[in-house]
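Below you'll find the structure, written out as structure tokens, and then a few comments.
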Amino acid sequence: MKKTTAILLAVFLCLGSVMMLASCGGKDADTTAEGTKTTTAADSGSEPGDTQSDTAVDSGTEPDDTQADTQADTQADTQPDTQTEPDGTKESTSLVEDEIQLYEPRDTDHTPVSAANGTELACKFTVPADGRLTGLFFESCPTWTSEGSGFTVELYKWDNDYENTVVSSPLFTQEFTDWQDNKECEIDFTDAVENGFQGGTYMWIFRGTTANIGIWAYDPSEDCEYFENGVPGNNGFRVVAYVLVPEE
């Protein structure tokens, strides 16, 4: 009986030992798995977001900062150094008013030249390259005491000769009616073109639209060329060109 009891006691002790060993083995496995996972996270020292943040800090600049600097530099390089006028000329000096006399006065009386019924009286002249043509002044336009006289004045850019010049459209045209005998005629180009026309060679044409209208004439100027109905003439028409020229 004692022997049987001893055997049973030994069996129970063995079973208990086996169960305890199995329990200890499971805990070690769980602990090892959890410990490995925890150790990996701890050893890395940062989450994925931390790495991106550190990189941005180390670079010392944001993408937006680089783009803004580049854009500012580009705009600074493309800013114009000088101001220009609509026709492309650079405004470097101030301009003052002046006159170009398109005839030569003489001691004897001036002569009236008729432009009746479409007759064309014209003058070719040159404005300095750095000047501006702002107007014309016809000092006297006779009507031989007639009433209701009229005429037109046109301005052309000179193109090699008379025929080629009048083929193009005039730069400026103005018509006058009911003209009084020997009244002066003043034309302002700045009403149509701000600051007038840039320097160059031009031709004006005075064309009568009625009978008994014309221009007084003196001697011709060496700096001008005159025409009557497209043919070179010797009358220096009594006309002045208004210009703007650089101040000395």
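The values are calculated or read from the model by the stated rules, or taken from the named source; none is laboratory data. Everything numeric in this text was worked out from a predicted model, so none of it was measured. All Cβ positions, even for glycine, are placed from backbone atoms using ideal geometry, and neighbour counts span all protein chains on display.
Quick notes
- In the range 103-137, residue surrounded by the most Cβ atoms within 10 Å (Cβ to Cβ) [restricted to those that are touching a Lys or Arg at 6+ places or on another chain (Cβ under 8 Å) and part of a loop (DSSP other than H, G, I, E, B)]: ALA115
- Qualifying residue in the range 138-147 (condition: among the hydrophobic types (A, V, I, L, M, F, W, C), surrounded by fewer than 21 Cβ atoms within 10 Å (Cβ to Cβ), in contact (Cβ under 8 Å) with a residue 40 or more places away in the chain and under 19 Å from ARG238 (Cβ atoms)): yes
- Sub-7 Å Cβ pairs linking a first residue in the range 112-127 that is under 8 Å from PHE227 (Cβ atoms) to a second residue that is β-branched (Val, Ile, Thr) and modelled with pLDDT of 95 or more, at least 6 apart or interchain, are GLU120/ILE205; LEU121/VAL113; LEU121/ILE215; ALA122/ILE205; CYS123/VAL239; LYS124/THR201, ordered by first then second residue.
- Residues of the range 231-238 include at least one that is under 21 Å from THR152 (Cβ atoms), assigned to a loop (DSSP other than H, G, I, E, B) and not charged (D, E, K, R).
- Here GLU194 passes the criteria (1) at pLDDT below 95; (2) touching a Lys or Arg at 6+ places or on another chain (Cβ under 6 Å) except the one numbered (2).
Yes/no per residue for (1) of a type outside the set (Val, Ile, Thr); (2) farther than 16 Å from PHE138 by Cβ; (3) in contact with a helix residue (DSSP H, G or I) (Cβ under 9 Å, 6 or more places away or on another chain):
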{"site": "THR209", "(1), (2), (3)": "no, no, yes"}
{"site": "ALA217", "(1), (2), (3)": "yes, no, no"}
{"site": "ASP223", "(1), (2), (3)": "yes, yes, no"}
{"site": "TYR226", "(1), (2), (3)": "yes, no, no"}
{"site": "PRO232", "(1), (2), (3)": "yes, yes, yes"}
{"site": "ARG238", "(1), (2), (3)": "yes, no, no"}
{"site": "ALA241", "(1), (2), (3)": "yes, no, no"}
{"site": "VAL245", "(1), (2), (3)": "no, yes, no"}
{"site": "GLU248", "(1), (2), (3)": "yes, yes, no"}
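- Among the residues here, TRP216 qualifies as closer than 21 Å to ALA116 by Cα, in a strand (DSSP E or B) and touching a His at 6+ places or on another chain (Cβ under 8 Å).
- The set of residues in the range 89-102 being assigned to a strand (DSSP E or B), surrounded by fewer than 19 Cβ atoms within 10 Å (Cβ to Cβ) and either of a type outside the set (A, V, I, L, M) or modelled with pLDDT of 95 or more (or both) consists of LYS90, VAL96, GLU97, ASP98, GLU99, GLN101.
- Given (1) free of Cβ contacts under 8 Å to residues at least 12 places away in the same chain; (2) over 29 Å from ASP109 (Cβ atoms), number of the condition PRO232 does not satisfy: (2)
- Residue within the range 187-205 that is closer than 14 Å to PHE137 by Cβ, in contact with a Phe, Trp or Tyr (Cβ under 7 Å, 6 or more places away or on another chain) and part of a strand (DSSP E or B) present: no
- The set of residues in the range 145-182 being among the acidic types (Asp, Glu) and not in a loop (DSSP other than H, G, I, E, B) consists of GLU154, GLU163, GLU175, ASP178.
- Extreme residue, surrounded by the most Cβ atoms within 10 Å (Cβ to Cβ), among residues of the range 169-206 that are small (Gly, Ala, Ser) and closer than 19 Å to PHE125 by Cα: GLY196
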